[in-house]
1. Could you check the range 254-295 and list, in sequence order, the residues that are of a type in the set (S, T, Y) and assigned to a loop (DSSP other than H, G, I, E, B)?
2. Tell me which residues, restricted to the range 238-276, are open to solvent by 30 Å² or more (accessible area, probe 1.4 Å), among the hydrophobic types (A, V, I, L, M, F, W, C) and at positive phi.
3. Of the residues that sit in the range 432-448 and are farther than 21 Å from L374 by Cβ and open to solvent by 50 Å² or more (accessible area, probe 1.4 Å), which one is nearest to the chain's Cα centre (by Cα)?
4. I'd like to know if the range 103-125 contains one or more residues that are over 45 Å from the mean Cα position of the chain (by Cα), of a type in the set (V, I, T) and modelled with pLDDT of 95 or more.
5. With the structure loaded, tell me whether G484 is out of contact with any Lys or Arg (no Cβ under 8 Å at 6 or more places or on another chain), farther than 30 Å from I578 by Cβ and open to solvent by less than 30 Å² (accessible area, probe 1.4 Å) or whether it fails that test.
6. Filter the range 74-101 down to the residues that are assigned to a loop (DSSP other than H, G, I, E, B) and loosely packed, with under 14 Cβ neighbours inside 10 Å and list them by number.
7. From T280, T299, T305, grab the single residue that is within 25 Å of D213 (Cα to Cα) and surrounded by fewer than 19 Cβ atoms within 10 Å (Cβ to Cβ).
Amino acid sequence: MGTSRRTTKCTHTFQVPEYDEVDVDRNKARASWLLGPDDIGVEDGVWTCPHETVDEKDKCVFHLSPSDRPAGVDITQAFLDAVEQANRLETPDERRRHRQFIDATFDEFDLRATTVGGTQRGYIDCRHARFGRVDCEHAEFEQRIRFSSATFGEQFDTERESNDDSSREVIFRRTIFRYSVGFSGATFGTPVNFTGARFRDWAGFRWATFHDDANFEWTTFQDMISARDVHFRDRAKFRAVSFDGWGQFNNAVFEGPTIFDLSNFGDDADFVNAQFHDDTTFAETEFSRQFNLSDAVITAPFSLTEGRVDRSIVLSGATLRGTVRLDNCSVSQHVEAERVRIESPLFFDGAQISTLVVEPAATSDRTDPAYLSLVRSTVTDGVLRQPPTGTIVYDLAFATVGDVVFSGTPDGSLFEYIRFFRTRFDGFDFSASDDLDLASAGYVIHTLSDDAAAVVPQISRRDPSIDDLWTTYLYAKTGAERAGDNTAAGLFFYREMVNRRRAHFDRALNNDGRSITNRIIDVTKWGRSCVLGGLTGYGEKPDRVIYASIGVIAAFTPLYALTLTPRTGESPASVWEILTLSLQSYVTFLLGQPPGDLTLIGEVLSAFEGFIGAFLVALFVFTLTRRIHR
């Protein structure tokens with residue numbers, strides 16, 4: 001007489017948790033990754049297992065502890081068999097119900113080079129499951145799966161548990177997820193390796209916590225990755241990752257070193273309100289749309305070097321307590337940094353920026369100025385403001401500045417907080433910034449205040465040489481001319497020529513291996529420059545020609561007194577008569593007879609003064625005309 005095996009349902013139940021991270025949106029009371037009262041299998045807030053018991057046990061193989069399972073049970077194969085059987089059931093509800101592995105225990109989850117599911121697209125439900133050793137290298141998930149609120153890297157008291165910590169690494173290396181996968185709310189207690197994985201649909205990591213290294217190098221996200229509120233407590237590696245869809249890391253916390261080098265974001269990259277507490281790098285990363293760091297908190301070195309942003313970088317509301325470097329980046333549209341707290345240096349060295357808007361938040365809690373470096377960068381247009389309280393230094397050494405407006409009223413001149421050093425001006429208008437008062441600054445644009453100079457990094461800090469000043473004012477003059485600011489152009493030209501004259505003198509004195517002939521030539525250049533500067537202010541000060549003319553007339557007056565002899569029966573000429581003679585000689589227009597007889601020397605002096613006078617009159621006409629045109 002044969003016996004039949006009686007099958008019973010697993011008695012395991014799971015109380016629906018009171019989630020701390022309840023996700024409320026416009027359409028749903030709870031996010032789909034949270035187990036809720038409306039889920040199939042949940043009654044009165046309790047979920048019951050749909051699977052059958054095993055070997056006279058009161059629970060199924062998935063809810064027995066590893067030590068209570070019958071010998072020889074392969075929990076991974078049991079999982080695969082259960083999924084396959086569930087997919088064969090007739091109704092959608094039956095299939096959904098029997099694909100539930102909620103609160104299951106997998107001490108071993110070895111799916112290496114295995115294809116999971118495929119005949120159906122419905123979710124395999126592993127929410128709140130616990131996993132020990134996971135090896136899914138080269139696995140292919142042909143069906144949607146949820147690992148939401150699961151725990152990975154747990155230790156179980158079994159003989160099979162290895163003492164080697166490396167065996168507890170969670171491996172999804174080169175795994176293919178053909179449809180959406182959810183790790184939202186999951187906890188990874190050991191290192192996790194997604195190197196080379198491919199997510200072909202939506203990937204959810206919201207509220208996930210990584211307690212150890214998280215390696216996503218060379219991974220591809222072909223659709224959106226939702227990693228809002230994710231928490232990386234150790235190293236996070238996203239090197240050479242392809243984010244083809246929206247990369248959402250809002251509210252993420254990165255406690256360890258973070259690497260996004262060589263990655264590519266095909267859509268928006270959102271790190272709104274994210275926190276970076278260790279070294280973070282985005283070297284040579286490309287953003288096809290926006291890189292959004294609004295309200296982010298950066299407390300350690302952060303760099304985006306050699307990157308390309310096809311739209312914009314947003315730093316509005318961010319707090320920068322660590323040094324931030326965006327060197328040699330190309331930003332096609334704009335960099336927006338409104339209400340940003342710059343508590344450590346911010347660098348855009350060598351960057352190419354279409355529009356830059358910086359409106360720092362108040363810095364009343366610090367005494368030294370903030371520092372923003374644009375050394376060797378190109379800024380086409382923008383607005384660079386001073387904070388409501390405190391100051392910020394804008395370093396534009398070797399930069400190219402377009403239609404940029406500076407504003408703010410720090411103590412002292414605004415020029416004292418802008419470092420113009422060999423800066424090129426391409427469309428910049430000094431008169432467009434009301435707070436840039438060139439007249440009150442004496443048209444001196446190269447001098448920083450003491451507190452501003454102190455925050456310039458030592459590597460780029462140097463006193464400007466004569467050649468540096470010459471070049472700085474040459475570029476400023478050229479820029480002012482292009483902008484039609486003739487007054488500024490003239491006075492910048494004057495300072496250019498003054499420093500050029502000093503350069504000639506410096507080269508003449510310094511024996512740097514140049515020949516004596518070249519040094520003599522420098523002396524003559526210096527001399528000619530002195531004469532031109534002294535007489536006309538290099539064509540910018542016609543009043544100096546008048547002063548020179550008065551000096552010539554006055555200088556020749558006593559010479560005439562020495563060469564004039566009184567005529568017979570006449571008294572010696574008075575001072576006024578001799579002065580009149582000098583004036584008439586200057587303009588080569590003598591009225592009447594001289595107040596005495598001129599000797600040959602006197603006649604030569606008169607001719608010479610006339611020559612000088614004609615030269616100075618011509619020089620005055622030229623200088624005055626040039627000045628009027630300015």
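1. First, the residues of the range 254-295 that are of a type in the set (S, T, Y): 258, 263, 280-281, 285, 288, 294.
Matches in the range 254-295: S263, T285, S288, S294.
2. Listed by number, the list holds a single entry, L262.
3. Going through the range 432-448, the residues farther than 21 Å from L374 by Cβ turn out to be 434, 437, 439-440, 442-443.
Then drop every residue that is not open to solvent by 50 Å² or more (accessible area, probe 1.4 Å), which leaves 434, 437, 439-440.
Values: D434: 27, D437: 29, A439: 33, S440: 33 Å.
Step by step, filter the range 432-448, then rank; the result is D434.
4. yes
5. Working: out of contact with any Lys or Arg (no Cβ under 8 Å at 6 or more places or on another chain): yes; farther than 30 Å from I578 by Cβ: yes; open to solvent by less than 30 Å² (accessible area, probe 1.4 Å): no.
Here the answer is no, as G484 does not meet what is asked.
6. From the range 74-101, those assigned to a loop (DSSP other than H, G, I, E, B) are 74, 88-91, 99, 101; that's our starting set.
Scanning the range 74-101 gives D74, R88, E90, T91.
7. On the way: T280 fails: surrounded by fewer than 19 Cβ atoms within 10 Å (Cβ to Cβ); T305 fails: surrounded by fewer than 19 Cβ atoms within 10 Å (Cβ to Cβ).
The match here is T299.
Rundown of residues vs (1) closer than 27 Å to T580 by Cβ; (2) modelled with pLDDT of 75 or more, yes/no style:
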| site | (1), (2) |
| --- | --- |
| K525 | no, no |
| S529 | no, no |
| A555 | yes, yes |
| T565 | yes, no |
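The values are calculated or read from the model by the stated rules, or taken from the named source; none is laboratory data. Being a predicted model, the structure only gives us computed values, none of them experimental. When we count neighbours, we look across all protein chains shown, and the Cβ atoms used for this are built from the backbone with ideal geometry, even at glycine. To get the accessible areas, we keep the full protein, side chains included, count just its heavy atoms, and leave off ligands, DNA and RNA. Shrake-Rupley method; radii C 1.70, N 1.55, O 1.52, S 1.80 Å.
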